[in-house]
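These notes are about the structure you will find just below.
The values are calculated or read from the model by the stated rules, or taken from the named source; none is laboratory data. In this text, all values refer to a predicted model and were calculated from it rather than measured experimentally. In this analysis, Cβ positions are derived from the backbone assuming ideal geometry, glycine residues included, and neighbour counts consider all displayed protein chains.
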Amino acid sequence: MNLLFANDRAGEYPPSYYAASATPLPPMPALEGAERADVCVIGAGFTGLSAALHLAQRGYSVIVLDAHRVGFGASGRNGGQVGTGQRIEQDAIERMVGRDDARKLWDMGLAARDLVKALIDRHDMGCGWKPGVLHADWQARDVPHAHAYAEKLAREYGYEDLEPLGRDAVREIVKTRAYQGGVLDHGAGHIHPLRFALGLARAAQAAGARIFEGSLVTEVRPGARARVQTAKGHVEADHVILAANGYLGGLAPQVAAKVMPINNFIIATDPLPKGTVLTRDIAVADSKFVVNYFRLSEDGRLLFGGGESYGYRFPDILRTVRKPMLEVFPHLRDTPISHAWGGTLAITMTRLPCFLRVAPNILSASGYSGHGVALATLAGQIMAETVAGQAERFDLMAGVKLPSFPGGPALRSPLLVLAMTWFSLRDRLGI
């Protein structure tokens, strides 16, 4: 079974708040017959569309293939948070790669965030950048570490946009007694992700890229001129960019060994009276191992994400997400839910993204581990510059050693379920 078709109708966006509040692009044709391009991009999400835009702006002929529609996958379904830096803390990255490369990775994380903001402004995407992401601590013992880390980033990395908050200050912003403190990142932000994906597609098309929807890639044949096969046609290209993330399937076993798809879920309430859950228009992500994340929509709905699954079929989404939502906001018990949806992202063992040269002219970037709005957009730009012969940033990311998931495709999901069950138990018991 392919995750591309396990939970969704072919060519239709999921029943999300985002799909209900965005204006889709006119449907684009499926690939038929033989086509030729300098670069063929597989996947019309943030990574692929960013790559297509930046390549087309450099003068390359670009074809983008997507099995469904532009922004159909995780790019159009996620929490919309645009974080700062990498997915994991700099202390861990320093231990992995050393201080010098850790600093470069930090700077790339800042560049990723700034790229999202710049693209939104440059192309007038209307996806509503709003500043502020609060990292809220569930356990009191986590607060001193969070505050010390904010001080480290200010002292050693010159990042002064982090505001340490105590319990009372957090509870003034988030109307719950669940959190014991945290750090507010004024440099991070949140957006309407599907509108951003659609904006990237419009910008890529305006620059000359061609996008084909309903074009499932069945095979990529390496060679000096690679061949990308679909059901009704093929593309011959000098370069191929794999940008399907959790939906890549079996197209690249080298990637699948290091990048694992998982499912995550979001619900939207009916519009709430002002101040019911948040007194400021910021986003929140908490310290649970399976993170709860939430923010307000433009019309005052709570968009609450939580819960994960590791198989092909989605569980009962409403039940899965209502439980953690009510742990945070028990006063919403009788609040109607207007939308419930899920999607597939991808993680790596280290939670750093996976950049790979699958072949000399086939590049892949994926495994953003929940930090993909910024990093996936940057990854597309990096792969575009790599095709153009500027590979320094790609090689830096590809040089980060990522272990393969144990057990291979057959055992990695059951092993991950065991690990997640243990960490979930730790969250519940507070140990």
Problem set entry | Subset of the range 44-55 (residues that are out of contact with any strand residue (DSSP E or B) (no Cβ under 8 Å at 6 or more places or on another chain) and either in a helix (DSSP H, G or I) or not assigned by TED's automatic domain parsing to the domain that holds Asn245 (or both)) | Phe46, Ser50, Leu53, His54
Exercise. Does the range 123-134 include one or more residues that are exposed (fewer than 14 other Cβ atoms within 10 Å of the Cβ), assigned by TED's automatic domain parsing to the domain that holds Leu278, at pLDDT 95 or above and touching a strand residue (DSSP E or B) at 6+ places or on another chain (Cβ under 7 Å)?
Worked result: no
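A quick yes/no check of all residues on (1) part of a loop (DSSP other than H, G, I, E, B); (2) at negative phi:
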position	(1), (2)
Glu298	yes, yes
Phe304	no, yes
Gly307	no, no
Pro315	yes, yes
Thr320	no, yes
Lys323	no, yes
Asp334	yes, yes
Arg357	no, yes
Gly370	yes, no
Exercise. Can you name the condition, by its number, that Arg313 falls short on among (1) crowded, with 21+ Cβ neighbours inside 10 Å; (2) of a type in the set (Lys, Arg); (3) closer than 22 Å to Asn2 by Cα?
Worked result: (1)
For this session: Look at the range 182-198 and say how many of its residues are surrounded by fewer than 24 Cβ atoms within 10 Å (Cβ to Cβ) and either of a type in the set (D, E, K, R) or farther than 17 Å from Gln81 by Cβ (or both).
Result: 1
Problem set entry | Yes/no for Lys274 being charged (D, E, K, R), surrounded by fewer than 16 Cβ atoms within 10 Å (Cβ to Cβ), farther than 30 Å from Pro403 by Cβ and not assigned by TED's automatic domain parsing to the domain that holds His339 | no
Problem set entry | Hits in the range 210-219 (condition: closer than 26 Å to Gln254 by Cβ and surrounded by 23 or more Cβ atoms within 10 Å (Cβ to Cβ)) | Ser215, Val217
Exercise. Leu411: more than 28 Å from Lys117 (Cα to Cα), modelled with pLDDT of 95 or more and over 21 Å from the mean Cα position of the chain (by Cα), yes or no?
Worked result: no
Exercise. Scanning for something in contact (Cβ under 8 Å) with a residue 60 or more places away in the chain, assigned to a helix (DSSP H, G or I) and of a type in the set (Gly, Ala, Ser), does the range 56-71 turn up at least one residue?
Worked result: yes
Problem set entry | Subset of the range 337-355 that is surrounded by fewer than 23 Cβ atoms within 10 Å (Cβ to Cβ) and not in a strand (DSSP E or B) - its residue that is modelled with the lowest pLDDT | Met349
For this session: Look at the range 74-118 and say how many of its residues are in a helix (DSSP H, G or I), polar (S, T, N, Q) and closer than 27 Å to Leu248 by Cβ.
Result: 1
For this session: Scan the range 43-51 and give yes if some residue there is in contact with a His (Cβ under 6 Å, 6 or more places away or on another chain), touching a residue at least 24 places away in the same chain (Cβ under 8 Å) and on the phi > 0 side of the Ramachandran plot, otherwise no.
Result: no
For this session: Tell me, yes or no, whether the range 220-240 has at least one residue that is surrounded by 19 or more Cβ atoms within 10 Å (Cβ to Cβ), closer than 30 Å to Arg141 by Cα and either free of Cβ contacts under 8 Å to residues at least 40 places away in the same chain or touching a Leu at 6+ places or on another chain (Cβ under 8 Å) (or both).
Result: no
For this session: For Leu184, indicate whether it is under 23 Å from the mean Cα position of the chain (by Cα) and at negative phi.
Result: yes
